[in-house]
Amino acid sequence: MIEEIRKWREDFQLKTDVTAASAMLTEEYDESFEALQEFLDNPNNNTKKHLARELADVIFVAVQMAESIGVDISQVIQEVLESNYTKRMTTEQAKEVFKKHPMPLGAESVERDGYVYLYRDGKLLKPPTFKPLT
């Protein structure tokens, strides 16, 4: 997908600078929240489709922002993905972690396929095994 956006930029010979990309990202961000509110107020296929298109616009413009500052966003996404996978613990890791650290307040522990995940209010938490990006 990111390669297709890069090709589109090449086809149109776009050289978006960071200031313009920032303005576009702000606009698309605002539009996506308007579409989200519309969907929450009236969840149907039309509002869902509108929200999906606005989210796609946010992604599209975010890639342009990365390109404008010379960042290989594909590589950064891969690094974030690898870091996010450390938000799960093996069952054995969890046993050791919970011997040393109490379960976070209000957290729920869920075991699936040999991994333990910690959630609070539907959000995946960062356990002590989490490795942030450096």
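Observations on the model:
- From L105, L133, L125, residue being within 30 Å of I5 (Cβ to Cβ) and at pLDDT below 95: L133
- Tally, over the range 1-21, of residues that are over 16 Å from D72 (Cα atoms), touching a residue at least 40 places away in the same chain (Cβ under 8 Å) and either of a type in the set (K, R) or part of a loop (DSSP other than H, G, I, E, B) (or both): 1
- Where helices (runs of 4 or more DSSP H) fall wholly inside the range 29-116, the ranges with 2 or more residues that are among the hydroxyl-bearing types (S, T, Y) are 45-68, 73-85.
The values are calculated or read from the model by the stated rules, or taken from the named source; none is laboratory data. Please read all numbers here as calculations on a predicted model, not as lab measurements. Backbone-built Cβ (ideal geometry, glycine too); neighbour counts: all protein chains shown.
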